[in-house]
């Protein structure tokens, strides 16, 4: 009888360690830069949402998703921001959000995590490799990533002699 109680307690404790810890987003930033006519254009999105779950037993990322409202784009020039919302760029009437979903992750040495995300822009899906950094700070989890995408893969901006195809993206977020 005692051994069956211990067995039940052991099973319960093991199953509890597999439970995911759902974290709450504190703050997130998504910045980008692209060359246009030889000059860097910097911008950011300020309406960003994300969710993250960690495996409690080993702090491995179980879930990491994010989305942003394209209408929240800022480049420092309001006329350019409005133009980027049109159908030849982001077409916010049809595609108001950009989102990404974690497909794969594997811890590397130190704070580095090798990840693959599904990125969806203008209803075009691409799997992209993103080297992610995750740090634990007292009572928060901090993640950051720098990566590059090709805007033409997503039908943004069409062919251009002055606008570079490569867009540099930088993401940072803190979760509690």
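Determine the shape class of region 94-153: with a ≥ b ≥ c the square roots of the Cα gyration tensor eigenvalues, call it rounded for a/c under 1.5, and otherwise prolate if a/b is greater than b/c, oblate otherwise. Working shown, then result.
Numbers: a/c = 2.70, a/b = 1.91, b/c = 1.42.
Cα axes put region 94-153 in the prolate bin.
Using Cα centres only, tell me the gap between region 92-158 and region 60-74 in whole Å.
Cα centroid of region 92-158 versus Cα centroid of region 60-74: 8 Å apart.
Return the single residue from 87, 47, 137 with maximal mean-square fluctuation; model: Gaussian network over the chain, springs between Cα atoms under 10 Å.
Its mean-square fluctuation being the largest, the pick is 137.
Counting only Cα, what are the radius of gyration and maximum Cα-Cα distance Dmax of region 72-128, in Å?
When restricted to the Cα atoms of region 72-128, Rg and Dmax are 15.6, 45 Å.
Over the chain, what is the percentage of antiparallel beta bridges among all DSSP beta bridges, to the nearest 5?
Working: 68 of 68 bridges.
Bridges in the chain that DSSP calls antiparallel: roughly 100 percent.
Among 159, 81, 114, which one shows the biggest mean-square fluctuation in a GNM of the chain, springs joining Cα atoms closer than 10 Å?
Of 159, 81, 114, the most mobile in the Gaussian network model is 159.
What does the C-alpha gyration tensor say about the overall shape of region 25-97? Classify as rounded when a/c is under 1.5, otherwise prolate if a/b is larger than b/c, or oblate.
Values: a/c = 3.02, a/b = 2.07, b/c = 1.46.
Note, shape of region 25-97 comes out prolate.
Pick from 141, 149, 19: which residue has the top mean-square fluctuation in a GNM of the chain where Cα pairs under 10 Å get a spring?
19
If you consider only alpha-carbon coordinates, what radius of gyration and Dmax does the chain have, in Å?
For the chain, the Cα-based Rg and Dmax read 20.1, 79 Å.
Any read-out appearing in this document is the output of simple, stated calculations on the displayed coordinates, not a laboratory observation. What you see is a predicted model; the values in this text were computed from it and never measured.
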